[in-house]
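Notes to accompany the following structure.
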Amino acid sequence: MAMVRSAWLKYFGASLLEFFLPRMCLFCGVPVGETAAIAVCPECEAQIKWVASPLCTCCGRVFESRDGPDRVCGDCQKEAPPFTRARAAVIYEGPLVDDLKQRPVLTAITRFKFSRQLAFLPVMQHWLKQPLCLELVAAADFLAPVPLHPKRIKNRGFNQSLLLAQAFPGTPVAREALIRTRHTPPQVGLNPKERQDNVKGAFSVTDPARVKGKCVLLIDDLYTTGSTVKECARVLRKAGARRVEVLTVARVNH
Ligand SMILES: [Zn+2]
Ligand SMILES: [Zn+2]
């Protein structure tokens with residue numbers, strides 16, 4: 001009973017606080033109004049580059065030239081990835097953009113993941129509700145968050161991919177369809193080949209019967225070179241998955 005009461009207090013305490021405090025933009029602090037779907041002001045929203053056609057039908061890279069249809073990019077023609085399609089909601093600006101206000105995507109991803117600012121979660125979940133992303137969700141039998149090693153979960157307190165996957169309540173999330181069997185150093189700072197080697201053999205399917213013949217949608221926060229999701233896709237395909245697709249909040253557009 002004590003536990004129920006404390007949960008109740010926590011819930012209504014937070015709601016009360018929200019009721020009395022004006023809702024602020026998470027990126028610049030200006031009031032956004034109570035009816036805004038997410039705590040992002042129009043000016044910060046305007047900084048976001050959405051993933052849009054023309055893009056690679058396979059890896060989802062956005063073509064720099066705005067002309068022409070969706071098509072398979074040179075890299076995917078050279079070597080087809082082990083997933084059918086990868087899509088992201090927004091383009092990752094990268095750390096080279098000086099002004100913090102001009103990189104809301106980087107801010108959301110890093111503050112959520114490394115500073116545990118959970119207020120950014122509904123923003124990223126909202127970004128994931130683009131038609132382009134929902135198409136992949138609708139085609140999936142279940143969502144599989146890219147797993148973290150238990151050591152990393154212990155440090156961080158949560159798996160960001162699992163929380164992101166909960167953006168789609170109607171679609172089952174298989175939180176342990178795939179597990180991380182090897183603790184690997186972070187991918188940041190590694191070149192594409194090193195990234196590939198770093199995650200090789202790091203994942204395993206817990207119950208192949210669960211993925212056999214299924215369409216699996218991998219969920220992660222960021223697609224950089226794709227080495228992590230490619231390794232996950234390989235392992236899932238090897239275990240008998242019929243199709244593996246990838247959905248991330250953001251992608252680096254080389
Ligand atoms: Zn703002
Ligand atoms: Zn491609």
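Think of the chain as having a plus end and a minus end, set by charges on the Cβ of Lys, Arg, Asp and Glu; of VAL188, LEU143, GLY201, GLY201 sits farthest toward the positive end of this dipole. Projecting the Cα atoms of VAL246, VAL123, VAL30 onto the dipole axis of the chain, where Lys and Arg carry +1 and Asp and Glu carry -1 at the beta carbon, places VAL246 farthest toward the positive end. What you get for the chain, charging only the Cβ of Lys and Arg (+1) and of Asp and Glu (-1), is a dipole of about 1060 debye around the Cα centre. The lysine pair count for the range 93-236, using Cα distances under 19 Å and pairs eight or more places apart or on different chains, is 8. If R0 is taken as 45 Å, the Cβ-Cβ distance between MET24 and ALA138 corresponds to a FRET efficiency of 0.85. Candidates PHE114, VAL62, VAL229 compared by Cα position along the dipole of the chain: farthest toward the positive end lies VAL229, with charges placed on Cβ. Taking other Cβ atoms within 10 Å as a rough exposure proxy, ILE153, ILE219, ILE38, ILE109 sort from fewest to most as ILE153, ILE38, ILE109, ILE219. In this structure, the amide hydrogen of ALA86, modeled 1.01 Å from its nitrogen in the peptide plane, lies closer than 5 angstrom to those of CYS59, GLY60, VAL246, counting only residues at least 5 positions away or on a different chain. Using alpha carbon centroids, what distance separates the range 199-249 and the range 28-69, in Å? Their Cα centres are 26 Å away from one another. Antiparallel beta bridges, as assigned by DSSP with both residues in the chain, represent about 25 percent of the total such bridges. Rounded to the nearest whole Hz, the Karplus-based 3J(HN,Hα) values (6.51 cos²θ - 1.76 cosθ + 1.60, θ = phi - 60°) of the range 45-51 follow the sequence 4, 5, 7, 6, 9, 7, 6, with x at glycine and proline. Projected label points at ARG66 and HIS254, each 7 Å from Cα along the beta carbon direction, are separated by 2.6 nanometres. In terms of other Cβ atoms within 10 Å, TRP50, TRP127 run from fewest to most in the order TRP50, TRP127.
Bear in mind these aren't lab numbers, they're just calculated from the coordinates by the rules spelled out. Fair warning: this is a prediction, and the values are worked out from it, not measured in the lab. So basically every Cβ, Gly included, is an ideal-geometry build from the backbone, and we count neighbours across all protein chains shown.
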